[in-house]
Structures are given as structure tokens and as C-alpha cells.
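Since the structure comes first, as C-alpha cells, the remarks are kept for the end.
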Amino acid sequence: MHKRLRFHSGIVYIDEGAVTNKNKEKRLQVSDSVQSIMRRYDFPTHIATLEQVFDLERSSVDENPTTDVGDRVAMAMPSLSADMGDLTLDSVQTKRLKYMLANTKSVTAKEDLVQILRHRLLMDIARRYGYDKIMLGDCSTKLSISILADLAKGRGASIPLDTNFADRRYGDVFFLRPMREFTSKEIGIYNHFHNIDSVVIASLTTKCPVNASINRLTETFVTGLQVDFPSTVNTVFRTGEKLCVTDSSDNSPVQYCILCRDTDNLPGFIIEEARRRIRRSQMKKEFEGFLLEED
Amino acid sequence: MPVCCAACSGKAVLKRPKTGDALCRECFFHVFETEIHHTILDANLFTAGETVAIGASGGKDSTVLAYVLKLLNDKYDYGLKLILLSVDEGITGYRDDSLTTVKRNQKQYDLPLKIVSYEELYGWTMDAIVKEIGLKNNCTFCGVFRRQALDRGAVLVEADKIVTGHNADDIAETVLMNVLRGDIARLRRCTSITTGNEGYLPRCKPLKYTYEKEIVMYAYFKKLDYFSTECIYSPNAYRGYARAFLKDLEAIRSSSIIDIIHSGESLSIKKDVKMPTQMTCLQCGYISSNKVCKACVLLEGLNKGLPKLGIGKGLKARQKLVAAGMTLTNTESQSTSTESTAVLNTDKQSLEF
């Protein structure tokens, strides 16, 4: 018997077809199959496309409005879809997203950017519809991969936020990971016995070689090691559990990067260099087209 | 069209593995040496007048370390007295050859050399130990003993500090290994540049931020001569996975190695996580995370004909040893050094599994 849920839930699906350059027909086709699954559950559903992230006001994510709406939880299903007919799929925003990705050189950076945008959009949807918690389906296999990938990308400081049960970085809305104790295999078996369908959607690195990105390589590394050493995922996951966010020495509130919400306290010279580059790219924009040689 | 050096617009001969910059030979030497100089300055590694023992194995890392330290010591006037310190594990066909390289380096660099051997310290060579234990856990012995041996050699030459040739790749690999093994205590300290300075000889790693590829490049262009053969006793298989993963990461994004070190440096551990407490070994009186230190347990096992005593279920072995009433005396065990498992151990051969 299922216990009665003591909170109101909804399902959010974000279509990321623009990331993998899918045409309108293909995106609608994927969304139909996702929609058919979503309809089986008795929850209100929300459908969005990743490009809608550009519609949201900057302030809605960066500031922390203290609203006291009811206890509502949005369950994010990052690989599911629904009623997309009334969403425009070839808008200016679609072009903007594609332009942004095309100018992001490495596949690793593209994947990380998509993840950042996805979380921003989820946050925006949650605020717009009055949800104050967002549940993600991350399992221990996925989280142990992200622990190692975070390490490899120099994001060690944000491992606890990226993998612990509750991520309170955004203040008013929490990200929760209720599935984090299960391995992907356990979830697969559970779904099999309960006849729970899922949809497989192509990602940026689908059909790519193993070394296409850091995330992809780490995934292959962890799942490969797990075959020979079955405690790998569990050990890495438990190691991640022992980490916490660095206390700032002077008790000032933790500072987050405005783009990726990283907590890393970067040395002054890096921040200075980042500022310098932003300044230079603004300068370059002012005389766009008059530069004969890329520097 | 020839590629120009990014720094001096001369003819570039190499692409820097760390940054991808095209550089000429002289500019590469300059950035390589200056980076190490800044690492030393930023971490306040040395004080003028100190005697520094360089752990020299004859391999590429320690050869380059000895060369660069001598060069920087003269150039920037650190005022250090440098001594080469080698450990002879007693491995025929490996260490005897590499020690020949160290002896040659000694003449070339004009530095004093001290060699301490397992045989004189413990009465056992690695060859003899392998005969007892086989090829499975031999690296445990070697790693535990080497740490002690270096310390004791450094005391003999009256050194204030030991420097080792651990490079950025070694440290990044150790960070990965400690995550994969769930060793939170080592994870915390494995990225620090200086370790073991609580009343014991501090050890530091001036090549902490130096890429292995650049070390080889530097040795190649400087025509330094070093010994490059893997130890004849099998290397650690699990470490091989971490190493292969690191190399793949480096191929995708060359900054990965330095990124992993940065990650390791910025990790914080929850306050309620239980950490091993440091105590002193009942037998030899040195720092240990157990009542009897690992070196004493291993040595006791060897001498009693029970070589597996310290392998695997370490706790049980130690309890057995304590229960047996500690029959060994200090003179018998000859142990007068720090406990190896209590302090950082990034050496490729010394990380036991």
C-alpha cells in the first residue's frame, strides 16, 4: 500500500530538443510519448522548453523573494515531455539557445551549461506556480558520477550542494533528491516489476565516443569499475556524504557565482582576470566587424 | 610557417602540456623553473640556512627536482644546504640500477649523497620479503618501510626537511584514489604541500603543481639523465584504473589535473565525521593511528614467520599483537621512526590496497 502523500505535487517536463538540434516534428513526437506516460499519474503537469529560460526575468532567480505559499512540491522529470503543441519551437529564443551552445566550445561546457539552464528554468517554474520544493530523480549511480566529474572540473567545493539530499542554494525553493539512496540498477528493477515505462531521449553525447566529454568519460569510468568492483558507487557516494560547504572564516554569508551557483572562493587574480575578459569582450563588441584578425 | 613562441616571438619548439602555449626552449625553461620558484615562495617552504634532504630515486621526478632545486637555490639565493637521500629497498635489477643513476647525478650536480638500505634498517631486503609474502602484498611492506627509511636517513644527515618529487599527476591521482576508496582522512591531507610537521620532519612537494609531461619535457630538453623502469614487482592494479582515467581526463581538458588538485584543496569535511586519532606506537614510540604502528606489525610478522600479520584485517592483527603481551623490545624492532599510514603517502608503489 502506498502511503498518502502529505503534499501537493506536480510534474514538470522540460524539452531539450533544441540542444541536440531536433526538428519540430521530432520534438513533438518525443513529447507525445512522454505525455502519454505523464497522463497516467494523477498530478498536474507543466511543460516547458529549455529556451524558455530566456523569458524569465533575471531577478526571479537571482534574488531570493521570501514567499509563503503552501507546501507544494514539483517533481522534475528531466527526460519526459507532454503537451507541446502550443509552445513555439522555432522562436527567437530557440535561435538564441542554439547560438549560445554553438559558441560554447567544448562538449563538457555545453553539457554543464544545459544543466545550469535547466535548473534555472525549473526554479522559475517552481516560483511561478507556487511550488517550494523541486524533486530530482538523481540516483546514487548518477550522483557518484557527478562527484567524480565535479572533482575533475575543479568544482570540489560544490560537491555537497550538487549531491546532498537538499540543496538550499536558492533560498526560497529547495532542490531535493529523494531517490539518492538507490542505484540505477535498483530503480531499473523496481520499474520493471511495476511496469513503469520510461522514455529514452538522446542527449548531447549520445552516439559519441567515450572521450566526448568529462561527464561522459566519468560515467564510463564509474560504470566500468562498478562491474569489477561492485562497491565503487557506494564508496564514492558515501565519501561525498562526508563533505560539507566551506564555512567562511568571517561568518559572512556564502557567496555564490551568479551563473553556476558555485561556492568556490576564488583567488583575487582569477576574479580580476574574469573581469578583464568581460571588459575586453565588451570593447570588441563596440567595433564589431572592424577587426581584421582574431586575437 | 614556423610557429612563434608566445612569450618571445622566437621559434617555438614545443606546446606546453599544461596551457597549450607554443614556446621556445628558453621560455619553457623559464616558465617551468619560475612556476616552481613561486610555489616555493607562496607556500613558504624553506628558510635560509636549512638543510634539505632531497628524496632521490633516480627517476625523472626526483632527478628534475634535484636539478631545479640546485639551480633555484643558486639563482635566488635560498641559502639551503641540499643533500641527496636515497633508499635502497634491495630489489635486484631495479633499485641497484637506479642507484647507479643517483650516484651519477651526485657527481653531475655536485651534491652530497646518503643511501640508507632496508637491509641495514630492518634486516630484510625487498627481495627477501617477496620470497616470504609473494607478489600480492609486497608493495605494502615497501611503502610502509620506505617512509620510515627516508625519515631516518634524513635524521642521520641532520636535515631539517625532506622534499619529494611528487608531481601534479601523482597528487591528482591520489585525490581520485582516496575518493574511490572512501579514505576521507587521507583525502583531506593529500593535497597539502607540506605534511607531517607536528614535531616530526616536515615533507614537502615543490613539484606539486608541475605536470608529469612537462617534467619529462624539461629533462629531455635539458638532457638530464634518469632511470625509467617500472619496479619489477607488480604495480598496483587498482591505481592503474585511476591513472588511466586521469590521462583520459587530461586528454579532454588539459587543466583537469590542476582542477582536481584545486577541488581537493577546497573540500571541507563535516565536523561529525569520525577521523582516525593520532597516537604513539606502544612499540617504537612514534606517531601512529593505532596502538602499534603498521611498520612494527609488519616487521613482527616477518620476524615471526607470519608475514601476513599486518595485511588485510589490520585491526585483528594489531589486537593479537597487543594481546600477545608485546614481546618485542625496542632494540629488537629497531624502529625509531614515524608511522607510515598516519601521514600522507602518495608514492605510486606505497599505496596499499
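List the residues whose amide H sits under 5 Å from the amide H of residue A:8, counting only those 5 or more places along or on another chain, with H placed 1.01 Å from N in the peptide plane.
Close amide H contacts, sequence-distant or interchain: A:73.
Spelling out what I want: for every residue of segment A:147-162, take phi, set θ = phi - 60°, compute 6.51 cos²θ - 1.76 cosθ + 1.60 (Karplus), and round to whole Hz; glycine and proline get x.
So the J values, rounded to whole Hz, are 4, 5, 5, 4, 4, 5, 9, x, 9, x, 5, 9, 3, x, 5, 6.
Please compute the average number of Cβ atoms from other chains found within 10 Å of each residue's Cβ in peptide A:213-219.
So the per-residue partner count for this stretch is 3.
With every protein chain left in place, what is the accessible area of residue B:259 in Å² (1.4 Å probe, nearest 10)?
Residue B:259 exposes around 30 Å² with every protein chain in place.
If the cut-off is 19 Å between C-alpha atoms, which lysines fall inside it for residue B:11, apart from same-chain ones fewer than 8 positions away?
B:222
For peptide B:271-282, how many partner chain Cβ atoms fall within 10 Å of a residue's Cβ, on average?
For this peptide, the per-residue mean of nearby foreign Cβ atoms is 1.
Evaluate peptide B:255-261: per residue, the Cβ atoms of other protein chains within 10 Å of its Cβ; return the mean as an integer.
Average per residue, whole number: 4.
Give me the one-decimal nm value for the distance between modelled label points at residue B:303 and residue B:272, 7 Å along each residue's Cα-to-Cβ direction.
4.5 nm
Using modelled backbone amide H atoms (1.01 Å from N, in-plane), which distant-in-sequence or interchain residues come within less than 5 Å of residue B:210's amide H?
Under 5 Å from the amide H of residue B:210: B:168.
Taking a 21 Å limit on the Cα-Cα distance, which of the listed pairs B:18/B:205; A:26/A:142; A:22/A:285; A:24/A:95; A:26/A:95; B:161/B:208 fall beyond it?
Those over the limit are A:26/A:142; A:22/A:285.
To the nearest 0.05, what FRET efficiency results for residue A:40 and residue A:7 with a Förster distance of 22 Å applied to their C-beta separation?
0.65
Calculate one ³J(HN,Hα) per residue across segment B:153-163 by plugging θ = phi - 60° into the Karplus curve 6.51 cos²θ - 1.76 cosθ + 1.60, and present them in order as whole Hz with x for glycine and proline.
After applying 6.51 cos²θ - 1.76 cosθ + 1.60, I find x, 5, 5, 4, 8, 6, 7, 8, 8, 10, 10 Hz.
Shape verdict for segment B:177-234, please, from the Cα gyration tensor: rounded (a/c under 1.5), prolate (a/b greater than b/c) or oblate.
Prolate is the answer for segment B:177-234, as a/c is 1.5 or above and a/b outweighs b/c.
Compute, for residue B:184, the solvent-accessible surface of its heavy atoms (probe 1.4 Å) with the complete set of protein chains present, and express it in square angstrom to the nearest 10.
Rounded to the nearest 10, the figure is 10 Å².
Using θ = phi - 60° and the Karplus form 6.51 cos²θ - 1.76 cosθ + 1.60, what ³J(HN,Hα) does each residue of segment B:128-138 get, whole Hz, x for Gly and Pro?
5, 5, 4, 4, 6, 9, x, 8, 8, 10, 4
Taking K and R as +1 and D and E as -1, what net charge do the other residues with C-beta under 14 Å from the C-beta of residue A:25 add up to?
Combined, the nearby Lys, Arg, Asp and Glu give +1.
What ranking do A:214-221, B:170-177 get when scored by the average of other Cβ atoms within 10 Å per residue, highest first?
Top to bottom by mean Cβ count within 10 Å: B:170-177, A:214-221.
Which pairs, out of B:75/B:103; A:105/A:284; A:133/B:274; B:81/B:107, put more than 21 Å between their alpha-carbon atoms?
From the list (B:75/B:103; A:105/A:284; A:133/B:274; B:81/B:107), the Cα-Cα distance tops 21 Å for B:75/B:103; A:133/B:274.
Excluding same-chain residues fewer than 8 positions from residue B:271, which lysines have a Cα within less than 20 Å of its Cα?
Cross-link targets: A:242.
Long-range amide H contacts for residue B:114: which residues qualify at under 5 Å (H placed 1.01 Å from N, peptide plane, sequence gap of 5 or more or a different chain)?
For residue B:114, whose amide H was placed from the backbone, the distant partners under 5 Å are B:84, B:85, B:86.
For A:283, B:126, B:275, give me the order by solvent-accessible area with a 1.4 Å probe, most accessible first, ignoring ligands, DNA and RNA.
Accessible-area ranking of A:283, B:126, B:275, largest first: A:283, B:275, B:126.
From the square roots a ≥ b ≥ c of the eigenvalues of the alpha-carbon gyration tensor of segment B:82-183, which class results: rounded (a/c under 1.5), prolate (a/b over b/c), or oblate?
It comes out oblate by the Cα gyration axes.
In what order, largest first, do B:30, B:166 sit by accessible area if the probe radius is 1.4 Å?
Result, largest first: B:30, B:166.
For segment B:74-121, with all protein chains present and a 1.4 Å probe, just round the carbon and sulfur fraction of the accessible area to a whole percent.
Summing carbon and sulfur atoms, their accessible area is 44 percent of the total for segment B:74-121.
So, in Å, what gap is there between the alpha-carbon centers of segment A:1-35 and segment A:121-151?
Computed from Cα coordinates, the inter-centre distance equals 15 Å.
When the label point is put 7 Å from the Cα of residue A:55 along its Cα-to-beta-carbon vector, which residues of segment A:6-39 have a backbone N closer than 16 Å?
Inside the label zone: A:12-18.
Can you pull out the buried accessible area for chains B and A, both sides counted, probe 1.4 Å, rounded to the nearest 100 Å²?
Using a 1.4 Å probe on protein heavy atoms, the buried area is about 2700 Å².
The values are calculated or read from the model by the stated rules, or taken from the named source; none is laboratory data. Model, not experiment: these values are computed from the prediction. So basically every Cβ, Gly included, is an ideal-geometry build from the backbone, and we count neighbours across all protein chains shown. Ligands, DNA and RNA are stripped out before the accessible areas are found, and what is left, the full protein with its side chains, is counted by its heavy atoms. Shrake-Rupley method; radii C 1.70, N 1.55, O 1.52, S 1.80 Å.
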